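The values are calculated or read from the model by the stated rules, or taken from the named source; none is laboratory data. Predicted model only: the values in this text are computed from it and were never measured. Positions of Cβ are backbone-derived with ideal geometry, glycine not excepted, and every protein chain shown enters the neighbour counts.
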Ligand code: BGC
């Protein structure tokens, strides 16, 4: 293993040109080496749910393939596991594979919020909720980095669509950024300390993320304490010097001869402070040093280590996929299937033998093997049960193939039970473009009704990377198992779930709406003329559906099990106080398996502030926990810990989190719309003080702890002891209390003149 780098002496020894070269990669997947100083190149490789190490220079979009690696469930699936321990285990395996392939940094996880179900890359993202995205993102980073391999948390920030992704400005207000789009990154950065962060392609409020000092330096480093390296998304840099100034250390892939020349010229002319360049170079060297100190083989001559245990990793991929599936409905307990000898299980749908288990684009993995559900199900059923397959429809077309459909319907009519595998074809969702609708292809939905008419014992198994519309066909299905894009072992996991060898324990990390137009972002997605306005504000996903009281197909957090759980004994203990930020609320409850099978429950804690002075979502997820596998009759106590921040909103007036004292409602349950236990807590906090000036309204002055007294004193009382002018007239205060005091000073007869206002403002204590 090479000796660690002495960064200070290397900085002194590097020429300006060498420093500039280090701020760019040397090719598509490597940092720049400086052989004369013993600085090796390190390899970067996609991606979040499996490695995509391209053997040579690579073509970036995956056309030229990559070395075989395990394809784990995509984030769309892992998000539904609600299980950080599982995601950490997947991360460990991913890190171990990176080690064998000489990769220093895995380019993931992607933790962007699923703002719209249409986003083409939703399959790479965890959730519409920032807590779920942050907790699972941190777990993946911890898992990978435990192997001595780095990660790159992406795409920072507000990269929530593919349409015009390299240019569009995400126009998001400050509060929405702080409450929805940044907290996931904040959690991953502060809790898991990723080696690197990848900036987004898009602009945020008019400034490219790659050139955004507020994002890359003020928030990321100054506030959150990030000490790693910021790299660009592939091709996100447009002005290398401005990007360097803003805090972007490494440009990928390199614009060789252009970006390095621009850095050198700017440093020579004095436009670029060389200290800024040195800072970026030091971060690149630190990354190289971290790679050297890990177990990784680094440098041009790096050789891959002996391979990983592909079978063991495949088994992990299978177990993980089973943990992610969401049982949406299960009428008459049709699942798990309990066929006996002589029964026929009809397996319908091309996806059962040609599975769709990952998405397209930079995250596409070349899997070590791929399960198919037909074979896996045949292996899982008891002897004497026949599993018979008919494709039913073709993938990649929406036209009904009469012959295929008729064959499938005939088979369904003869079978004891029908399992139909439906899903979105590759062409419908991918990196690079967004969907325009939520529908499954028409040839699939048309078939469902015909199959149900032939045999009502109909189970639908879904493979898709983001929400699809169910409302026009789900009445035909007795049971629906949403498997998302769950990796190379998706087929085996589906078989395990169908026969009950695994009990579904996934829960929806995104709402399944009845109609696309119900989605809160609908009127503002994907924007136009280079701008997308995040007009729904903080009301993203369930926060919006709930605020509008919209019925949905299945709510956020929903998911059934083959067993039942009872919730009891909700307790809360409040300690500390908000003023010195020591407020802590411990929330506990017990969950007991009251059914017949072993299973896991995802216990969810939602918080409501019913009396907020700002518009807040009716419920927000502030804690979740997946229980251990509980045997029938077994219970588990679950504890959540809330802090002041969990009860607060982001104040755009004070640019900080504000807790408004008062009553908060807590609800614990099995989905955002299935709260089993509720209680309230009283949190005390001083009312936030608003700074008064001449444009403060009369009402604000009267609500101000000091200002109210000063104003009353300045206005004075009449001979009957009643306040003079407007202060004695409640009705008038209601009508013009929202006028600024400086404006009221010009109105006659109100008892407030400019001298009164000046007197009041002069005597206010400094803020
Ligand atoms: C994607 C990133 C990816 C990078 C390298 C970009 O197009 O947005 O997620 O890591 O390419 O493949």
| query | What strands (runs of 3 or more DSSP E) completely inside region 365-482 contain at least 2 residues that are under 32 Å from the mean Cα position of the chain (by Cα) and crowded, with 22+ Cβ neighbours inside 10 Å? | reply | 417-423, 458-463, 479-482
| field | region 232-244 residues that are touching a residue at least 60 places away in the same chain (Cβ under 8 Å), paired with ones that are away from the ligand (no atom under 15 Å from the Cβ) and part of a loop (DSSP other than H, G, I, E, B) (beta carbon under 7 Å, 6 or more apart) | value | 244/23; 244/272
| remark: Here, helices (runs of 4 or more DSSP H) confined to region 179-287 with at least 1 residues that are farther than 25 Å from residue 139 by Cβ are 240-246, 259-269
| said: Whether any residue in region 289-304 is more than 30 Å from residue 562 (Cβ to Cβ), at pLDDT 95 or above and surrounded by fewer than 23 Cβ atoms within 10 Å (Cβ to Cβ) is what I want to check. | reply: yes
| Within region 515-536, which residues are surrounded by 18 or more Cβ atoms within 10 Å (Cβ to Cβ) and in a loop (DSSP other than H, G, I, E, B)? | 519, 520, 521, 525, 526, 527, 534, 536
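Being part of a loop (DSSP other than H, G, I, E, B) and modelled with pLDDT of 95 or more: is that true of residue 738 here?
Values: part of a loop (DSSP other than H, G, I, E, B): yes; modelled with pLDDT of 95 or more: yes.
In short, yes.
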| request: Kindly list the number of the only condition in (1) on the phi < 0 side of the Ramachandran plot; (2) within 16 Å of the ligand (Cβ to nearest atom) that fails for residue 50. | output: (1)
| Here are some conditions: (1) surrounded by 13 or more Cβ atoms within 10 Å (Cβ to Cβ); (2) outside any strand (DSSP E or B); (3) touching a residue at least 40 places away in the same chain (Cβ under 8 Å). Residue 633 meets all but one. Which one does it not meet? | (1)
| request: Can you tell me which residue among 152, 81 is buried (at least 24 other Cβ atoms within 10 Å of the Cβ), within 15 Å of the ligand (Cβ to nearest atom) and either within 19 Å of the chain's Cα centre (by Cα) or at negative phi (or both)? | output: 152
| request: For residue 76, indicate whether it is within 16 Å of the ligand (Cβ to nearest atom), at pLDDT 95 or above and either part of a helix (DSSP H, G or I) or closer than 30 Å to residue 624 by Cβ (or both). | output: yes
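Determine whether residue 529 is without any contact (Cβ under 8 Å) to a residue 12 or more places away in the chain and more than 19 Å from residue 117 (Cα to Cα).
yes
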| Residue check, residue 576 against (1) surrounded by fewer than 15 Cβ atoms within 10 Å (Cβ to Cβ); (2) touching a strand residue (DSSP E or B) at 6+ places or on another chain (Cβ under 7 Å); (3) on the phi < 0 side of the Ramachandran plot, all met but one. Which one? | (3)
| field | Among residues of region 168-194, those that are farther than 28 Å from residue 617 by Cβ and touching a helix residue (DSSP H, G or I) at 6+ places or on another chain (Cβ under 6 Å), counted | value | 1
| Looking at (1) free of Cβ contacts under 8 Å to residues at least 24 places away in the same chain; (2) surrounded by fewer than 13 Cβ atoms within 10 Å (Cβ to Cβ), which is the one condition that is false for residue 703? | (2)
| task | Scan region 18-28 and give yes if some residue there is touching a residue at least 12 places away in the same chain (Cβ under 8 Å), part of a loop (DSSP other than H, G, I, E, B) and surrounded by fewer than 13 Cβ atoms within 10 Å (Cβ to Cβ), otherwise no. | result | no
| request: Specify which of the listed residues (670, 683) is surrounded by 16 or more Cβ atoms within 10 Å (Cβ to Cβ), within 33 Å of the chain's Cα centre (by Cα) and at pLDDT below 95. | output: 683
